[in-house]
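The values are calculated or read from the model by the stated rules, or taken from the named source; none is laboratory data. Values in this document were obtained by computation on a predicted structure and should not be read as measured data. FYI the Cβ positions are ideal-geometry reconstructions off the backbone, even for glycines, and counts take in every protein chain you see. For accessibility, only protein heavy atoms count, side chains too; no ligands or nucleic acids. Shrake-Rupley method; radii C 1.70, N 1.55, O 1.52, S 1.80 Å.
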Amino acid sequence: MKILAFAASTHKQSINKQLIHYASQLLDKVQVEILDLNDYELPLYSQDKEDELGHPQLAKDFLAKIGDSDGVLISFAEHNGSYAVGYKNIFDWCSRIEPKVFQNKPMVLLSTSPGSMGGASVLAAAVQSAPYFDGIVKASLSIPSFYDNFDADKQALRHDELNEQLKDAVSHLNHLK
């Protein structure tokens, strides 16, 4: 089984990228491919750009990665209570090619932020909207106060209870078939 994992952020030092790498290590019965959204940088989506360019190959490639996976693991960065623009842009391009972006894939959705809400607003939006785009949300978890709860040296969560919650969430991707 193959799980596609990525942080919905283009920041090179993204805390969501750190969380995705750690969460991916908790999966034990699957192959994980971690994508970097920076490898899928596209022009800002608009109808005019789509008319001019058609569907960019990078968007097709990203959709193919989803299609070739058995499940999806995403950690969302929150910008002003919503999606980070890099993720929203690739998502918008992909949805113009295939409206059912997530292609009936089981998903575990995460978020984190430096604040006490841990990106809860963007996570709620992602959980709510995923079914409209053919995503099957198996679990979701927000990790609050990232810098207090994540040990950067060990690249692991510090608190046992939060770590168990994360293990439980991602475990849904260990048992897909």
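Touching a Ser or Thr at 6+ places or on another chain (Cβ under 6 Å) and of a type outside the set (Phe, Trp, Tyr): does that describe Gly81?
So Gly81 fits the description; yes.
Can you name the residue in segment 104-118 that is of a type in the set (Ser, Thr, Tyr) and assigned to a strand (DSSP E or B) and, of all such residues, is nearest to the chain's Cα centre (by Cα)?
Selected residue: Ser111.
Any chance you could count how many residues in segment 106-118 are touching a residue at least 60 places away in the same chain (Cβ under 8 Å) and open to solvent by less than 60 Å² (accessible area, probe 1.4 Å)?
6
Here are Tyr45, Tyr40, Tyr83: which of them is touching a residue at least 12 places away in the same chain (Cβ under 8 Å) and within 17 Å of Val108 (Cα to Cα)?
Just a single option satisfies the conditions, and that option is Tyr83.
Go through segment 119-177 and tell me which helices (runs of 4 or more DSSP H), entirely inside it, have 1 or more residues that are more than 22 Å from Ala77 (Cβ to Cβ), hydroxyl-bearing (Ser, Thr, Tyr) and open to solvent by less than 70 Å² (accessible area, probe 1.4 Å).
160-171
I'd like to check something: does segment 95-111 contain any residue that is acidic (Asp, Glu) and touching a Ser or Thr at 6+ places or on another chain (Cβ under 9 Å)?
Scanning segment 95-111 turns up no residue that is acidic (Asp, Glu) and touching a Ser or Thr at 6+ places or on another chain (Cβ under 9 Å).
When you scan segment 134-141, do you find a residue that is touching a Pro at 6+ places or on another chain (Cβ under 7 Å) and under 16 Å from Ile20 (Cα atoms), even just one?
no
In the list Leu58, Leu63, Leu73, which residue meets the criterion of being hydrophobic (A, V, I, L, M, F, W, C), touching a residue at least 12 places away in the same chain (Cβ under 8 Å) and more than 30 Å from Asp168 (Cα to Cα)?
The conditions single out Leu58.
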